[in-house]
Each structure stands twice: as C-alpha cells, then as structure tokens.
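Coordinate-derived values only; no laboratory data. Being a predicted model, the structure only gives us computed values, none of them experimental. For neighbour counting, all protein chains shown are included, and Cβ atoms are generated from backbone atoms with ideal geometry for every residue, glycine included.
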Amino acid sequence: MAECQHLVFGIHVSDRAKEAADVQRLLTEYGCHIRTRIGLHQVAEGVCATGGLILLEMYGCQDKCQELADKLNALEGVCVKQMCFTCE
C-alpha cells in the first residue's frame, strides 16, 4: 500500500473521567506527531456525556503514529480507528 498522505485517527474514549489522564499522557508523549487535534463530546443543558471522541491528524513517521495507536488501543475503554488518504 502507498504511504499515507493524510493519516487521521478517530479515538473513542468510553469514560473520559476515568481514562483522560492516560490518554492525555500518550498524546503529550507523541505530540510532535500530531498536526491537528479536535475533541468532541455530547453536551446538553445540565448533562455532560462521559464518553467522547478525539480526532487527530497525524504527522511524520508512520511507524511512530502506529505506535501511538497501538498504545491507545491497549488502554481499557479506548478504541482507535484510522483513515488513510493516498489521493493524488
């Protein structure tokens, strides 16, 4: 497969209060490989959802990016999906 021109991770976090510290530690550790980060969670009046979604646009060495995905997937309650764009 051709090398990704744009690699995007979607990270689902089941319980933000419980898993946020470990997720944040990894995102900080691999921060030089993250170009864009967007955090999404459901909010309504008087309610803040426990789950959330983080979108990352990755940068640099694909092996390092995959290493981050593997470490995040190893955390309980965290699931990473990837999109790879190789458009010309």
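In the chain, the alpha-carbon atoms span a convex hull of 98 Å³ per residue.
A cysteine counts as unpartnered when no other cysteine's C-beta lies under 4.7 Å of its own; in the chain this applies to 32, 48, 61, 65, 79, 87.
Note on region 40-88: percent of Cα-Cα distances in each 5 Å bin, starting at 0 and stopping at the bin with the largest distance, equals 5, 15, 22, 20, 14, 11, 8, 4, 1, 0. Using a 10 angstrom cutoff on alpha carbons, build the Gaussian network for the chain and name the most mobile of 41, 33, 12. Highest fluctuation of the listed residues: 41.
Under the simplified labelling scheme, the residue 24-residue 74 pair shows an inter-label distance of 2.2 nm, with each label point 7 Å from Cα along Cα→Cβ.
Within region 41-70, whose backbone N sits under 20 Å from a point 7 Å along Cα→Cβ of residue 87? Only 55-60 pass the distance filter.
Rounded to the nearest 500, the 222 nm mean residue ellipticity of the chain from helices alone is -9500 deg cm²/dmol, with -39,500 (n - 2.57) taken per DSSP H run of at least 4 residues.
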